[in-house]
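Input: a single structure, listed below in structure tokens.
The values are calculated or read from the model by the stated rules, or taken from the named source; none is laboratory data. Note that the structure is a prediction, hence the values are computed from the model and not measured. We place every Cβ from the backbone using ideal geometry, glycine too, and count neighbours over all the protein chains shown. What goes into the accessible areas is simple: the full protein's heavy atoms, side chains included, and nothing from ligands, DNA or RNA. Shrake-Rupley method; radii C 1.70, N 1.55, O 1.52, S 1.80 Å.
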Amino acid sequence: MSQQGSRTTADPSVDGDGVNRASERDSTERAAIDVDGLELTYSDGTTAVQGVDLTVPRGEFFGFLGPNGAGKTTTIKVFATLLSPTSGDVQVNGFDARSETRKIRETIGYMAQETSIDPELTAEENIRFACEAYGVPSGERAERVSELLSLVDLADVADKQAEEFSGGMKKRLDAATALAHRPPLVFLDEPTTGLDPKARNRLWEYFLRINDLGTTIFLTTQYLEEADQLCDRLAVILDGNIVADGSPDDLKREVGGEVLAIELERGDGVRERATTIAREFDAFADATVSETEDGISVTSEVARQYGTDLLVALRDAGLTVTGFNIRAPTLDDVFLAITGDEIDTAEMPDGDRGASQ
Amino acid sequence: MSTPDADGSAEEYAGATGGEEVTRSGNSFAGDVWVNFKRWNVKAVRNPFVLVVSLAQPIIFLVLFTQVFGNVAGGAVEGATGGDISYETYLVPAIAIQVALAAAVTSGIGLVNDIENGMFEKVLVTPMNRTAVFLGKTAAEVFRIAIQIGIILGLGVLLGAEIATGLPGVIGIMGIGVLFSLWFVAFSNSLAILTRDQESTIIGANLLQFPLLFLSSAFLPLATLPGWIQTFARLNPVTYGVDATRSLMLDENVMTVIEVSWFDGTLNGVVPGVAVLAGIGLSFGAIAVYLLSRASSSDVK
Ligand SMILES: Nc1ncnc2c1ncn2[C@@H]1O[C@H](COP(=O)(O)OP(=O)(O)OP(=O)(O)O)[C@@H](O)[C@H]1O
Ligand SMILES: [Mg+2]
């Protein structure tokens, strides 16, 4: 599962020019998704995606992260042939997204962010329709339908019309229909949003299982833990540009060092003062300092070494430290470090810097 | 390469063609039509309300018109057709066409619902042929229209209408009703794709319904109507549908807008109407298929 994925297709260990080019062509042909300079502008002039370059090898579990409105869904819709690229070259399963749309459709599954099921059909009929629409041989349909119904735990209500389902049940049904034809490449746009933990775990297991069997998975999610657990490789998109990519561990390493989380007794301006003190602290000149729910967090290479000194400095300034811990960075820290400025301007107009490096 | 996992597992799903091609799944054209035909039939059965509502208005028209205008209109009808024909007999073919029109309005509404609940996009990402998708849906609706026309004809006979050509006539009237519905089905679906909005589609299609019916030969002989209506009626597909079905109903040529003498009697009234309707249906159908084939998630530059 662990893949130190790199976007460049050339293998650095190969020296000879000819060999190098051959392996490049080979990996492009074998890539599930190969994008060069993708740009998409909606007819109202909104440029949702600009200059995206991306290669997803076959068999990879790929995570696509980014804040709301960053362009994730737009990008997926281009791959799924629902939107035609404004410019750039997009190959999906080796087929061109402009001229070979039907071939792409024959080789992918797509689960939209908005739940998409026919409310007038029963759960079973919805899945059966998906099987039939993708030409699953009639001999295999019954088995496939019942397998998927039990996967998403809807076997008991298989004959109920979907309009009677709860939001999460509808979402589960939608997931089942996207996987009905066992496509070699699946696009899942926030597939687990709104699901209870049990349903989410079942889907995770299933995603991992089909990934082990060779299915390439392209997943977007706002649950960074999910991305961390499932994905071989991640890319973060921000304002239509890919701003980071690599394995979850790579990205966490890029954040650098460790995270010192400090809890402070509540009070007016306490966190602001603590932030100022931490920023002015010499050892943490290069650190990322941000406010958290109940205190501040400092991310630095030397968090462990100088953490206690900072705690002392805070106490000297008259602030009461109620707790602290030092931990390795999570994807949340990665995400905040990458998109921090964004969040500041959007959610904290008072001019608090938060994470800035 | 740095992705041994991906390379190793790629073999497993890569299908029979030796690792270079990925497995592709899809249907034949007829299979695609059938899948969609089935889905829309199931939806129609699940939704008897739509079935009833699209019959209610034509039935109300049938009963009210015959009861209220029967006596007055009867004279005009006799004057125009030259026989002693009851207003019931005269009106029933028009109501059959009205049924086709009303059912065609609901066709576009079905598509808008699909757009709103995401099924439209879901269908767009499948490899199904777009024309087949439209044909399957239309076939299901046309099937329903044929049944509804059958119900209207039965009701008409109960009220005293006579179908001079008997059972073949009944089948013929159903056939013409279906053929007539095609252009309006295509129109209301085109409206649905263009507006993607339920209200606009209902209003757009419904607003047209009454002018189309009244500015035609449906309720009274053209000769008794003002000149401007006669002019409009010549361009109105409803006139061709009504005159053709009415010719079958009465077993005589009552086509008022095209004169031909290729055959003897009744067929001179039926065939030109059918030809015109087929032409209009094909043109509107082509537009709808074109719109559907270039339909995407949103408009882009
Ligand atoms: N149909 C559309 N017409 C015009 N602009 C659009 C359309 N759909 C999306 N956009 C714009 O494109 C940008 C990217 O939207 P997109 O839906 O791809 O974001 P996202 O990353 O999927 O966000 P989220 O996490 O909220 O799902 C946004 O600025 C959005 O307003
Ligand atoms: Mg989205």
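The table that follows gives values for the structure above.
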quantity: Some residue of the range A:234-250 being in a loop (DSSP other than H, G, I, E, B), away from ligand 1 (no atom under 16 Å from the Cβ) and either of a type in the set (D, E, K, R) or exposed (fewer than 15 other Cβ atoms within 10 Å of the Cβ) (or both); calculated: no
quantity: Lone qualifier among A:VAL186, A:VAL145 - being open to solvent by less than 10 Å² (accessible area, probe 1.4 Å), more than 9 Å from every other protein chain (Cβ to nearest Cβ) and farther than 26 Å from B:LYS137 by Cβ; calculated: A:VAL186
quantity: Flag for A:GLN3 being surrounded by 15 or more Cβ atoms within 10 Å (Cβ to Cβ), away from ligand 2 (no atom under 16 Å from the Cβ), in a strand (DSSP E or B) and modelled with pLDDT under 95; calculated: no
quantity: Subset tally (residues that are open to solvent by 40 Å² or more (accessible area, probe 1.4 Å) and touching a residue at least 40 places away in the same chain (Cβ under 8 Å)) for the range A:95-128; calculated: 2
quantity: Qualifying position, being at pLDDT below 85 and of a type in the set (D, E, K, R), among A:GLU272, A:GLU263, A:GLU254; calculated: A:GLU254
quantity: Among residues of the range A:52-111, those that are more than 15 Å from ligand 1 (Cβ to nearest atom) and among the aromatic types (Phe, Trp, Tyr), counted; calculated: 3
quantity: Residue tally, condition within 16 Å of ligand 2 (Cβ to nearest atom), open to solvent by 10 Å² or more (accessible area, probe 1.4 Å) and within 12 Å of chain B (Cβ to nearest Cβ), over the range A:49-75; calculated: 2
quantity: Test: residue in the range B:248-257 that is in a helix (DSSP H, G or I) and open to solvent by 30 Å² or more (accessible area, probe 1.4 Å); calculated: no
quantity: Residue satisfying condition, being over 23 Å from A:GLY59 (Cβ atoms) and away from chain B (no Cβ under 14 Å), within set A:LEU173, A:LEU195; calculated: A:LEU195
quantity: Check on A:THR216, surrounded by 21 or more Cβ atoms within 10 Å (Cβ to Cβ), away from ligand 2 (no atom under 16 Å from the Cβ) and at pLDDT 95 or above; calculated: yes
quantity: Matching option when the condition is small (Gly, Ala, Ser), within 16 Å of ligand 2 (Cβ to nearest atom) and under 29 Å from B:ASN47 (Cα atoms), among A:ALA130, A:ALA112, A:ALA158; calculated: A:ALA112
quantity: The one condition in (1) within 30 Å of B:GLY166 (Cβ to Cβ); (2) open to solvent by less than 60 Å² (accessible area, probe 1.4 Å); (3) in contact with an Asp or Glu (Cβ under 8 Å, 6 or more places away or on another chain) that B:SER297 fails to fulfil; calculated: (1)
quantity: Residue within the range B:171-181 that is outside any helix (DSSP H, G or I), closer than 27 Å to B:GLU252 by Cβ and open to solvent by less than 40 Å² (accessible area, probe 1.4 Å) present; calculated: no
quantity: Meets criteria (touching a residue at least 24 places away in the same chain (Cβ under 8 Å) and in contact with a Phe, Trp or Tyr (Cβ under 6 Å, 6 or more places away or on another chain)) for B:PHE187; calculated: yes
quantity: Failed criterion for B:PHE219 (all others in (1) part of a helix (DSSP H, G or I); (2) buried (at least 17 other Cβ atoms within 10 Å of the Cβ); (3) of a type outside the set (Gly, Ala, Ser) hold); calculated: (1)
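Residues are listed down the side, and each one gets a yes or a no for (1) surrounded by fewer than 17 Cβ atoms within 10 Å (Cβ to Cβ); (2) among the small types (Gly, Ala, Ser); (3) farther than 22 Å from B:MET249 by Cβ:
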site: B:ASN71; (1), (2), (3): yes, no, no
site: B:GLY75; (1), (2), (3): yes, yes, no
site: B:ILE85; (1), (2), (3): no, no, no
site: B:PHE120; (1), (2), (3): no, no, yes
site: B:PRO127; (1), (2), (3): no, no, yes
site: B:ILE145; (1), (2), (3): no, no, no
site: B:LEU155; (1), (2), (3): no, no, no
site: B:GLU162; (1), (2), (3): yes, no, no
site: B:GLY166; (1), (2), (3): yes, yes, no
